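Notes follow the structure.
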Amino acid sequence: MTPREVFERLIAGVTGGDWDALPGLYAEDAVVVHPMAASREPLVGREALRRHFAAGAELPVRMSARDVVVHETADPEVVIGEFAYVGEATTTGRPFTVRNVFVLRVRDGLIVESRDYADHLRFGVAIGRPPGADAAGPTS
């Protein structure tokens, strides 16, 4: 898969709730950083990502990706995706919009590195987590 195709599958998997398939988009030793999350510790390795997405599967949300723009770069491994998760908390019906920018490095069809910029605080508030809680679940 091209970097663009991997990015598109990633956001389709998140919005479609295909949580079990998402770790397969990442290399065994992938590193994912959420610079805007309360916990800035990177997720290292596919197993860490499997746990991350399993937690995402438990979140009370229904959402879609909107305003998707993909920027292909001079580096054939790097793609930048801009988009918004638009949805609602299924427990409260509270709507939310969370804008995102993902910078992915894809090698041999797998994500080896990702920097996922998202407003985790806004997402946390929307799903009823207290301000300051790390709501990194479905953002990537």
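All of the numbers you see were taken from the coordinates with simple rules; none came from a lab. Keep in mind that what you see is a predicted model, and the values were worked out from it rather than measured. Backbone-built Cβ (ideal geometry, glycine too); neighbour counts: all protein chains shown.
Among 7, 83, rank each residue by its count of other Cβ atoms within 10 Å, from fewest to most, as a rough exposure measure. Before the final figure, lay out each step's value.
Working: 7 25, 83 21.
In increasing order of surrounding Cβ atoms, one gets 83, 7.
As a ratio to 2.2 N^0.38 Å, the alpha-carbon radius of gyration computed for region 1-43 takes the value 1.26.
To make sure I understand, if each residue's beta carbon is the centre and we count other beta carbons within 10 Å, what order do 114, 64, 39 fall in, fewest to most?
Values: 114 24, 64 14, 39 10.
By the 10 Å Cβ count, ascending, the order reads 39, 64, 114.
Using only C-alpha positions, report the orientation-averaged shadow area of the convex hull of the chain, nm², one decimal. Walk me through the numbers on the way to the answer.
Numbers: hull surface 28.8 nm².
About 7.2 nm², averaged over all directions.
Taking only the Cα atoms of region 1-73, the ratio Rg/Rh comes out at 0.95, with Rh defined as the Kirkwood radius.
Would you work out the relative contact order for the chain, in percent, from Cα pairs under 8 angstrom that are 6 or more residues apart? Don't skip to the end; give the middle numbers.
On the way: 311 pairs, mean separation 39.6, N = 140.
The normalised contact order for the chain reaches 28 percent.
For every helix of n ≥ 4 consecutive DSSP H residues, a contribution of -39,500 (n - 2.57) applies; sum these over the chain, divide by its total residues, and give [θ] at 222 nm rounded to the nearest 500 deg cm²/dmol.
Numbers: 3 runs with 33 residues, N = 140.
The helix contribution divided over the chain gives -7000 deg cm²/dmol.
The ranking of 80, 111, 127 by Cβ neighbour count inside 10 Å, starting from the fewest, reads 80, 127, 111. Taking each residue as 0.36 nm, the span from residue 55 to residue 5 lengthens on full extension beyond its C-alpha to C-alpha distance by 15.6 nm.
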